[in-house]
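Have a look at the structure below before the remarks.
Throughout, read-outs are computed from the coordinates displayed, never taken from laboratory work. Keep in mind it's a predicted model, so treat the numbers as computed, not measured. In this analysis, Cβ positions are derived from the backbone assuming ideal geometry, glycine residues included, and neighbour counts consider all displayed protein chains.
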Amino acid sequence: MLSWPRPASSWSEAAPVGNGRLGAMVFGGARRARLQLNDATVWSGYPQGPARALEEVLATGAGPGRLAEARRALREGDHRRAEALLLSFEGRYGQEYLPYADLWLDLPEADGAAAFRGRTLNLDDGVAGEEIGLGGGRTVRRLTWASHPARAVCVAVAVRGGTTGMRVELTSPLRVVHREAGASGLALGVEIPVDGAPAHEPDVPEPLRYAAPAPGGHDPFGALAVRVATDGEVSITGDAWTVRGMTYALLVLASSTAAARFWTGREPLTREEHLRLAARDAESAAAAGAGELLRAHRRDLRALLGTTTLVIGDRRAGTYDVARDILAGPDDGLRATVMFQLGRYLLASASRPGAPPANLQGLWNQDLRPAWSSNYTLNINTQMNYWPAEPAGLPGCHEPLFELIDRLSRTGAEVARRLYGARGWVAHHNTDMWGWALPVGMGRGDPSWAIWMMGGVWLARHLWDHYDFGRDPVFLRERAWPVLRGCAEFCLDWLVEAPDGRLDTIPSTSPENLFLSHRREPESLTYSAALDMALIRDLFGTCLEAMRVLGLDDPIGARIAAALPRLRDPGVAPDGRLREWAEDHPEHDPHHRHLSHLAAVHPLGLIDPERTPGLAAAAARSLDARGPAAMGWSLAWKIALRARLRDGDAARELFLHATCPYDAGPASGGLLPNLFSTHPPFQIDGNHGLTAALLELVVQSHGGAIRLLPALPAAWPDGSADGVRCRGGWTAGLAWRDGTLTRATVRNDLPGPPRPVRVHHAGTTTDALVPSGEQIHLSP
């Protein structure tokens with residue numbers, strides 16, 4: 001339980017609840033208490049947007065011919081000409097994730113005699129609680145949760161020692177076109193912008209543009225309904241719902257949007273049908289009653305959150321004051337324990353089947369022009385959001401990302417064919433819920449982030465990860481393989497033969513970083529950056545393994561096998577660092593936040609201290625040179641990298657930096673008052689990355705073996721981990737005391753005959769045969 005003594009005075013102090021589709025930031029308080037509401041499908045834009053943007057780019061002359069010109073210019077060292085040609089490949093921008101509404105709760109009798117007694121957030125069952133003292137010995141207890149079974153946000157208010165009144169209002173920052181208030185509750189109908197320009201594009205004349213219907217006939221509409229059950233006397237004053245003399249009230253909020261119908265492939269509805277559907281869902285939930293709603297919610301969420309635990313030290317259960325015990329407390333083991341579960345809680349709250357995946361802020365956003373549109377950044381951030389999904393016991397939360405990848409594989413196929421003359425599918429560094437697959441930048445975006453064609457390749461690995469942890473051959477055959485194959489088709493066509501006979505990606509960038517050319521000028525465009533080569537090598541190896549598992553005789557296998565040995569190998573610079581580019585270019589910013597060339601270490605696992613010790617040492621030197629300063633998500637990546645390189649003490653130092661209170665210093669990460677990780681501003685990938693990185697310190701399962709305590713910090717001598725999912729279809733559990741392993745178990749989760757497992761610990765390797773569904777116990 002996290003606790004705060006006062007109501008939130010800002011958004012970054014509020015407590016998040018979510019059911020994957022609907023989310024709320026709970027501010028708390030007696031007077032004008034705010035629930036800031038989001039719906040994962042409330043995005044600017046419309047379904048035909050990506051296709052129309054592709055036509056606009058092609059009309060400028062971008063295409064395979066111009067790509068060939070740009071490649072020639074790069075080979076000849078003419079960066080300015082190559083850059084000018086490639087800028088024409090940039091579309092406008094992906095769309096924005098938008099705030100939806102605000103629910104305001106007011107206790108009019110809470111005057112000077114009121115005493116706010118604090119608020120809590122339970123990270124095991126997703127319930128935000130508050131207690132408010134009123135005059136005359138009365139106490140108000142308010143619980144807020146977002147129920148996945150009920151498809152609703154629920155607020156239960158109970159009064160002890162008497163009765164009180166309450167006023168409820170529902171507002172929206174979007175264009176309100178329908179409003180109603182009645183004895184049973186409130187409703188809003190809103191129009192959603194069909195175009196939303198990022199805040200970093202200030203010159204767009206109409207940054208939020210409304211149009212109904214949108215091109216293609218899409219009606220950008222959303223309906224919200226609040227239904228209230230109470231024993232008090234209800235009245236309506238203007239647009240507000242008011243009750244007097246109540247001892248309880250249950251408020252249930254539901255939503256229906258046109259974009260949700262698109263996402264789930266269902267027929268469109270009229271606006272009246274959306275309003276009726278939202279009202280019906282709210283009424284159905286309210287009829288169940290607060291007790292049953294809460295029980296069903298807890299059963300649902302505990303089934304997710306109860307699967308995996310990590311405890312550093314001996315403290316987990318309890319109520320902890322966030323400012324005193326977590327942000328400023330001396331027990332960093334407790335801080336690690338809390339941050340591990342917080343990341344799991346946030347992923348389970350922001351990513352559930354049937355809704356778009358977690359975006360840059362997960363599910364929670366109050367800004368009409370959020371930073372980086374709060375959409376999907378594919379050069380690390382979206383992937384990091386899902387790093388904990390498999391090992392930390394939340395594989396079902398991975399499903400929304402697969403839905404987005406499926407969509408991108410369709411929109412990206414048209415971009416690959418028409419823009420690059422390639423088969424398969426492509427995605428770049430940015431996308432949205434509509435499946436934007438073009439580069440972004442409006443023809444002036446810096447190529448260091450805009451001109452990068454590997455976004456789909458990195459995303460596709462998540463399909464393989466899901467298979468590798470769960471070993472479901474049906475998923476591999478029917479879901480993963482078509483996407484992986486299409487990705488490989490694109491890469492095979494994208495690679496071009498170099499004068500030395502190698503296969504290169506060109507143009508190529510190392511995301512968001514610049515190098516100094518031989519003329520000492522900052523440049524981004526080159527060939528075969530280390531990340532490109534690592535991603536393609538990993539993809540090709542994965543495809544060959546998938547074909548072996550499925551027994552496929554596919555001609556693409558021969559093409560992949562022929563291309564693999566021609567890819568450029570990871571290089572080591574004269575100073576001993578892993579090369580970021582194909583040549584020994586110095587970085588323009590030696591302490592750059594991105595660690596793209598180290599993706600071969602984590603998450604890809606191509607470089608490892610046991611299997612490739614020389615390259616691992618070079619990676620460690622590169623990490624040393626980058627330095628410790630960074631924002632939240634970059635610090636999380638650095639912790640995971642240190643774990644893979646077996647440097648637990650360095651990882652802990654980075655963890656302490658990543659989890660200190662945000663101090664607004666230069667390039668400073670840290671945590672906000674509600675423990676959100678910040679760039680700044682808030683980016684949820686920092687929270688999810690921390691969860692994954694902490695687990696890497698105690699259990700790793702890449703490279704065909706399970707490693708126990710591979711990078712345990714000396715300052716964390718005691719702890720335990722249970723329910724840790726491992727590649728190959730295994731689940732591990734362990735405990736340690738005084739730095740020594742005291743308990744270890746490995747369970748075979750797959751049906752069929754007994755299977756061999758290999759376990760590493762402290763320089764010892766153990767091989768065992770484990771029957772299906774059974775667990776072995778290993779001594780230290």
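Assuming 1.306 mPa s and 10 °C, estimate D for region 690-780 with Stokes-Einstein, Rh taken as the Kirkwood radius over Cα pairs, in µm²/s. Please report the intermediate quantities before stating the final value.
Numbers: Rh = 13.2 Å.
My calculation gives 120 µm²/s for D.
The residues packed around residue 29, meaning those with a beta-carbon under 9 Å from its beta-carbon, carry a net charge of +4 if Lys and Arg are +1 and Asp and Glu are -1.
Residue ranges 626-638, 719-731, 57-69, 583-595 sort as 626-638, 719-731, 583-595, 57-69 when ordered by packing (mean number of other C-beta atoms within 10 Å per residue, highest first). Residues whose amide H comes within less than 5 Å of that of residue 568, counting only those at least five positions distant or on another chain, are 503 (H built at 1.01 Å from N in the peptide plane).
Counting beta carbons within 10 Å around each of 411, 171 and listing the fewest first gives the order 171, 411.
Once you compute Rg and the Kirkwood Rh from C-alpha atoms, what is the Rg to Rh ratio for region 449-511?
On the way: Rg = 14.4 Å, Rh = 13.3 Å.
Radius of gyration relative to Kirkwood radius: 1.08.
Using C-alpha pairs under 8 Å with a sequence gap of at least 6, the mean separation divided by the residue count of the chain gives a relative contact order of 12 percent.
Rounded to whole Å, the principal axis extents of the Cα atoms in the chain read 84, 67, 52, largest first.
DSSP bridge analysis restricted to the chain gives an antiparallel fraction near 95%, rounded to the nearest 5. Could you work out how far helix 648-658 tilts from the main Cα principal axis of the chain, as a 0 to 90 degree angle to the nearest 10? It is inclined by approximately 50 degrees.
What do you get for Rg/Rh over region 1-156 if you use C-alpha atoms and the Kirkwood form of Rh?
Details: Rg = 25.6 Å, Rh = 19.6 Å.
Using Cα coordinates only, the ratio equals 1.31.
Using only Cα atoms, find the angle between the long axis of helix 481-494 and the longest principal axis of the chain, and express it within 0 to 90 degrees, rounded to the nearest 10. Tilt relative to the chain: about 50 degrees. When the Cα convex hull of region 132-223 is projected onto planes of every orientation, the mean area is 10.1 nm². Is the shape of region 137-181 rounded, prolate or oblate, going by the alpha carbon gyration tensor and its root eigenvalues a ≥ b ≥ c, with a/c under 1.5 for rounded and a/b larger than b/c for prolate? Judged from the Cα gyration tensor, region 137-181 comes out oblate (a/c at least 1.5, b/c at or above a/b). Measure nothing fancy, just the Cα-based angle from helix 399-420's long axis to the longest principal axis of the chain, in degrees from 0 to 90, nearest 10. Once rounded, the angle reads 50 degrees. In whole Å, what is the distance between the alpha-carbon centres of region 135-152 and region 610-684? Region 135-152 and region 610-684 have Cα centres separated by 38 Å. For region 39-53, putting each phi into the Karplus relation 6.51 cos²θ - 1.76 cosθ + 1.60 with θ = phi - 60° gives couplings of 10, 4, 9, 8, 10, 5, x, 7, x, 7, x, x, 5, 5, 5 Hz, in residue order, rounded to whole numbers and with x for Gly and Pro.
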